[in-house]
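Colleague: One structure coming up, written as structure tokens, with questions to follow.
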Amino acid sequence: MSTTVIEQHKTTSALSATGLRVSTVTGAEILHGISFTLQPGRILALVGESGSGKTTAGLACMGHFRQGLELTGGSVTLNGGEQGNLLELPEHQLRTLRGGEISYVPQDPALSLNPAMRIGEQILETLRVHHFGDATAERLERVAEVLAEVGLDNSRSYQRRYPHQLSGGQQQRVGIAMAFACRPAVMVLDEPTTGLDVTTQAVVLETIDQLAERHQVAGLYITHDLAVVATVADEVAVMLAGDIVEHGSTDQVLFSPSHPYTRRLLRAVPDLAGKRRVGEVEAITGEHPLVVPGPLGIPDTTTATPRADDAKLLPATVAVREQESAPLLQVRGLALSYGGHKVLNGIDFELMEGESIMLLGESGSGKTTLSRCMAGLNDNYTGAVELSGAELATGTRKRSAGDRRRIQYVFQSPFSSLNPRRTIAESVGVPLQMAGVGNRRDRRAKVLEALDQVRLGGSYMDRRPGELSGGERQRAAIARALVNAPSLLVCDEITSALDVSVQASILDLLRTLQSETGMSMLFVTHNIALARHISQRLAVLQKGRIVDLGTTEDVLTNPQHGYTQELLANVPTF
Amino acid sequence: MSIAEAPLETVGKVKRPPRLFARMMRQRQAQLGLALTVLVLAVALLGPLLLPWITGFTSTEFTGRPFKPVGMFGTDNLGRDVLSRFLDGGLRLIVYAALATLLGMAAGVAVGMTAAYSAGRLDGLIMRGNDVLLALPQLVFALLAITVLGPKGWVLVVVIGITHAPRIARVTRSATASVITEDYIRASEMYAVPKWKILVTEVLPNITGPLMVELGLRMTYSIGFVASLSFLGLGMQPPTADWGLMINENRIALVVQPWGVILPVLAIAVLTVGTNLLTDSLARASANLNAGNQP
């Protein structure tokens, strides 16, 4: 440790990038000359939305440019510049630096680890390539050491595991161990916790933090998640379209941002406390009235004068429930298992008309399975799903056209849910076609209406998904669900693939739509911070069981189950 | 829509990569391949129309004694004009090859998509049946069928088409398997779109890349098969003019009067090389967005 302290005084910067310019081979500039400095033991977070150039900047630090990109200016120096400009080094010298002096942790550990190699062997390989130590025995020692450093079991049997025998968090820690094996001076971490659950994320973040501090590694942490930044970073640089628009200490940037973009970005981040207003429409909870449907399930727009039920004064919801003889949707004893593995283990809940309920669960909790059972995509469940008191058939093909119309499901990834070879109008028109609207002109009119509802408009009719951004695609997917005027919209993690600002606008849209159409909504997510922004009630799902169910306020302030308490404790906030 | 989304909109409009065919045609070898293919196709398609006028003879007319250097390329084994027979002999070969390829594609694609989409037992059944067909060498199967059914045009087309089908089915099945996991397929299922319609409107447009490659490849093979079967005497029957048949008829006098062999061999070779170059560049273009970019 003593040597590192001296080093810290001697070298002011571990890596410094100046005036980095990167453009595509066709000439469009991606990075417009950005500069930053990494200091030993400190973590700089590079924050930005997708397409802002943050990963390009991170890779440029290692002298790597993705296919189709080229460097047009700037320099990167390591450790005060003994080796000169890293970007001018020949390829073979760069290769020894990468993984040795400067290492990279990619986003998805499941993709970056070799599934056919034992984890110990993979770490050993890195050491061998970089001639770390003199003998295999020494390297093996280092493997065990580095596994301990990232907080994993370093026994022989553990090293002989394959990546698929580890959980996502453990895999990512193995990825970090590989990057850290040769004792690099700089680590570039590219969204290392994006795919992880909050509980796992908390552990990984702690590991990174400790490594940086204890071993005086400089970290470049690329992320879009501002809440994570607050936990892990010392400094923050905010990127917008290839420029760093704001750079400063974490506290300064997060709590007194000076650039309007930073402020906008921060406003878009949902917070658990619900103090911030995400988007322009009021959050559903609290101020938002429960939509009171008129007779026959059609929202009575004439008398829709705000029945300002404050969700904090709970009896309002209860009162509505008493008025209604039957809820819109009732799920009773829903269970599903694959072989001996029980994915859903007896789910019971009900959903009132015009109500929005959030289904919260981590990956593997069965939340997607549950929502797909309701939508009829999984037909092998047992138990009952009742819509307005009538039990639904299990699969969509067995349900009547009317039942299919009333429950609509929006998929998680807008990049996969729209056929890339069909126009938006064609994709959105499919439900109409299947509901028997045979006339092409009628269909187009209704599609246009739905696209207007999601604020896309007619110009999108004849475009293909490839020409749309993620947010626009998700709007188109929502339009497909809305085109038949459903009574229940099931949203399965629909914002998890999107940037925070886009997420905010989608939440905005959903809240507006709900108050406009009076439909009920089941909002499935892993992000507990959204709770106060979208739902009146909150159901927490763990291992196929609902462990907590109540009004959002109740569950968040007074969680009954240990799991909910743990979740709430691990949410990164700022 | 919030203002914060504005920067994203511009990112979405970054110049999109050129389409598949544009990427293909940007490659040098594709241009060469296209030129070669078009050359041979022009000879084969226009040849029969030009016939008596340009050479003075029809393809079956006797002009003199065998293997004599009469006319531009001499006479063949029965004393017919080689050039006339060459001009007349390509059309059938190409039409038969094209029909066989199309038949094979239609059957193979239908079977492959059905297998991948149905999964489970039906998939196993179809693909194992496929394996049985694959175990028979293509040419041997064709020989067998033609010996039994006689050397008729439709038999040729059907037999070659059928022997192609299992190979095409394999490619189609794997291409389909990667598409059917996408959510848009599940979305269609959710709206209870009939299964055949899902295959035709959702799956098929998304697997055209690999299918086009397969089409080109099978076309090349078909040309080879039709020519070989004619050479063996099981394809086109005399006195019909045909490139494969010409090679067989004239090979005995290769030293005395080589043109009767060289012309058809050259045409078949150039056509095969041309279509192969095209297929290759198409495969490269469908696998790589940057294909054909100058380094």
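The values are calculated or read from the model by the stated rules, or taken from the named source; none is laboratory data. Since the model is a prediction, treat every value here as computed from it, not as a measurement. Cβ sites come from the backbone with ideal geometry, for glycine too, and all protein chains shown count toward neighbours.
Colleague: Test B:ILE223 against the criterion of being of a type outside the set (Lys, Arg), touching a residue at least 60 places away in the same chain (Cβ under 8 Å) and within 13 Å of chain A (Cβ to nearest Cβ), and give yes or no.
Modeller: no
Colleague: Also: Can you tell me which residue within the stretch A:417-432, out of those that are outside any loop (DSSP other than H, G, I, E, B) and more than 8 Å from chain B (Cβ to nearest Cβ), is surrounded by the most Cβ atoms within 10 Å (Cβ to Cβ)?
Modeller: A:VAL428
Colleague: So if I check each of A:VAL524, A:VAL454, which one is within 24 Å of the chain's Cα centre (by Cα), β-branched (Val, Ile, Thr), over 30 Å from A:ASP554 (Cβ atoms) and buried (at least 24 other Cβ atoms within 10 Å of the Cβ)?
Modeller: Criteria check complete, one pass: A:VAL454.
Colleague: On the given criteria, is A:LEU549 away from every other protein chain (no Cβ under 14 Å), under 26 Å from A:LEU377 (Cα atoms) and touching a strand residue (DSSP E or B) at 6+ places or on another chain (Cβ under 6 Å)?
Modeller: Here the answer is yes, as A:LEU549 does meet what is asked.
Colleague: Right, A:LEU468: in contact with a Lys or Arg (Cβ under 7 Å, 6 or more places away or on another chain), of a type in the set (A, V, I, L, M, F, W, C), within 10 Å of another protein chain (Cβ to nearest Cβ) and buried (at least 20 other Cβ atoms within 10 Å of the Cβ) or not?
Modeller: It is false that A:LEU468 is in contact with a Lys or Arg (Cβ under 7 Å, 6 or more places away or on another chain), of a type in the set (A, V, I, L, M, F, W, C), within 10 Å of another protein chain (Cβ to nearest Cβ) and buried (at least 20 other Cβ atoms within 10 Å of the Cβ).
Colleague: Given the structure, is A:GLY364 of a type outside the set (Lys, Arg) and more than 23 Å from A:SER487 (Cβ to Cβ)?
Modeller: yes
Colleague: Which of the residues belonging to the stretch A:61-101 are β-branched (Val, Ile, Thr) and under 12 Å from A:SER16 (Cα atoms)?
Modeller: A:VAL76, A:THR77
Colleague: So which residues in the stretch A:112-145 are assigned to a helix (DSSP H, G or I), among the aliphatic types (A, V, I, L, M), buried (at least 17 other Cβ atoms within 10 Å of the Cβ) and out of contact with any Lys or Arg (no Cβ under 9 Å at 6 or more places or on another chain), if there are any at all?
Modeller: A:LEU140, A:VAL143
Colleague: In addition: With respect to B:LEU49, is the statement that it is hydrophobic (A, V, I, L, M, F, W, C), more than 30 Å from B:ARG173 (Cβ to Cβ) and loosely packed, with under 14 Cβ neighbours inside 10 Å true?
Modeller: yes
Colleague: In the stretch B:258-286, what count of residues is obtained for those that are under 12 Å from the mean Cα position of the chain (by Cα), surrounded by 20 or more Cβ atoms within 10 Å (Cβ to Cβ) and under 23 Å from B:ASP88 (Cβ atoms)?
Modeller: Residues in the stretch B:258-286 being under 12 Å from the mean Cα position of the chain (by Cα), surrounded by 20 or more Cβ atoms within 10 Å (Cβ to Cβ) and under 23 Å from B:ASP88 (Cβ atoms): 3 in total.
Colleague: Kindly state which strands (runs of 3 or more DSSP E) lie completely within the stretch A:168-268 and contain at least 2 residues that are surrounded by 20 or more Cβ atoms within 10 Å (Cβ to Cβ) and within 14 Å of chain B (Cβ to nearest Cβ).
Modeller: The qualifying strands (runs of 3 or more DSSP E) are A:235-240.
Colleague: Here is a further query. Answer yes or no as to whether A:GLU125 is at pLDDT 80 or above and charged (D, E, K, R).
Modeller: yes
Condition check ((1) surrounded by fewer than 17 Cβ atoms within 10 Å (Cβ to Cβ); (2) closer than 30 Å to B:GLY209 by Cβ; (3) basic (Lys, Arg)) across all residues:
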position: A:GLU353; (1), (2), (3): no, no, no
position: A:GLU362; (1), (2), (3): no, no, no
position: A:THR369; (1), (2), (3): no, no, no
position: A:THR382; (1), (2), (3): yes, no, no
position: A:GLU386; (1), (2), (3): yes, no, no
position: A:ARG406; (1), (2), (3): no, no, yes
position: A:PHE411; (1), (2), (3): no, yes, no
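Colleague: Okay, moving on. Quick one: A:ARG444 ticks every box in (1) more than 27 Å from the chain's Cα centre (by Cα); (2) in contact (Cβ under 8 Å) with a residue 12 or more places away in the chain; (3) at the interface with chain B (Cβ under 10 Å from one of its Cβ atoms) except a single one, so which number is it?
Modeller: (3)
Colleague: Filter the stretch A:534-574 for residues that are surrounded by 16 or more Cβ atoms within 10 Å (Cβ to Cβ) and among the small types (Gly, Ala, Ser); which is nearest to A:SER337 (Cα to Cα)?
Modeller: Only one residue fits best here, namely A:GLY544.
Colleague: Can I ask one more? Take the residues in the stretch B:186-226 that are in a helix (DSSP H, G or I) and aromatic (Phe, Trp, Tyr), then tell me which one is nearest to A:GLY402 (Cα to Cα).
Modeller: Taking the candidates together, the pick is B:TRP196.
Colleague: Check off (1) within 13 Å of another protein chain (Cβ to nearest Cβ); (2) small (Gly, Ala, Ser); (3) in contact with a His (Cβ under 9 Å, 6 or more places away or on another chain) for A:ALA481 and give me the number that stays unchecked.
Modeller: (3)
Colleague: Restricting to the stretch A:332-348, count the residues that are surrounded by fewer than 20 Cβ atoms within 10 Å (Cβ to Cβ) and closer than 15 Å to A:LEU392 by Cβ.
Modeller: So the answer is 2.
Colleague: Condition first: more than 14 Å from chain B (Cβ to nearest Cβ), aliphatic (A, V, I, L, M) and under 27 Å from A:HIS561 (Cα atoms). Can you find one or more residues in the stretch A:381-388 that meet it?
Modeller: yes
Colleague: Let me ask something additional. Would you check if B:LEU229 is assigned to a helix (DSSP H, G or I) and within 14 Å of another protein chain (Cβ to nearest Cβ)?
Modeller: No; evaluated as a whole, the condition is false for this residue.
Colleague: Which number in (1) within 8 Å of another protein chain (Cβ to nearest Cβ); (2) assigned to a loop (DSSP other than H, G, I, E, B); (3) within 27 Å of the chain's Cα centre (by Cα) marks the one condition that A:PRO414 misses?
Modeller: Among (1) within 8 Å of another protein chain (Cβ to nearest Cβ); (2) assigned to a loop (DSSP other than H, G, I, E, B); (3) within 27 Å of the chain's Cα centre (by Cα), A:PRO414 violates only (1).
Colleague: Of the conditions (1) at pLDDT 85 or above; (2) closer than 16 Å to B:SER188 by Cβ; (3) aliphatic (A, V, I, L, M), A:ALA401 fails just one. Which one is it?
Modeller: Evaluating A:ALA401 over (1) at pLDDT 85 or above; (2) closer than 16 Å to B:SER188 by Cβ; (3) aliphatic (A, V, I, L, M) leaves (1) as the failure.
Colleague: Of the conditions (1) at pLDDT 85 or above; (2) more than 9 Å from every other protein chain (Cβ to nearest Cβ); (3) crowded, with 18+ Cβ neighbours inside 10 Å; (4) over 23 Å from the mean Cα position of the chain (by Cα), A:ASN378 fails just one. Which one is it?
Modeller: Failing condition for A:ASN378: (1).
Colleague: Of the residues B:THR201, B:THR240, which single one is within 14 Å of chain A (Cβ to nearest Cβ) and either surrounded by fewer than 19 Cβ atoms within 10 Å (Cβ to Cβ) or free of Cβ contacts under 8 Å to residues at least 40 places away in the same chain (or both)?
Modeller: From the options B:THR201, B:THR240, the qualifying one is B:THR201.
Colleague: Hey, another quick one. Give B:THR240, B:THR275, B:THR208 a once-over and let me know the one that is modelled with pLDDT of 85 or more and of a type in the set (Ser, Thr, Tyr).
Modeller: B:THR275
Colleague: Among the candidates A:GLY48, A:GLY33, A:GLY74, A:GLY53, which residue alone is buried (at least 24 other Cβ atoms within 10 Å of the Cβ), in contact with a Gly (Cβ under 6 Å, 6 or more places away or on another chain) and not β-branched (Val, Ile, Thr)?
Modeller: A:GLY53
Colleague: Taking the residues in the stretch A:389-404 that are of a type in the set (Ser, Thr, Tyr) and more than 7 Å from every other protein chain (Cβ to nearest Cβ) as candidates, determine which candidate is surrounded by the most Cβ atoms within 10 Å (Cβ to Cβ).
Modeller: It comes out as A:THR394.
Colleague: Quick check on the stretch B:166-187. Is at least one of its residues over 30 Å from A:PHE415 (Cβ atoms), away from chain A (no Cβ under 14 Å) and buried (at least 22 other Cβ atoms within 10 Å of the Cβ)?
Modeller: Checked the stretch B:166-187: at least one residue is over 30 Å from A:PHE415 (Cβ atoms), away from chain A (no Cβ under 14 Å) and buried (at least 22 other Cβ atoms within 10 Å of the Cβ).
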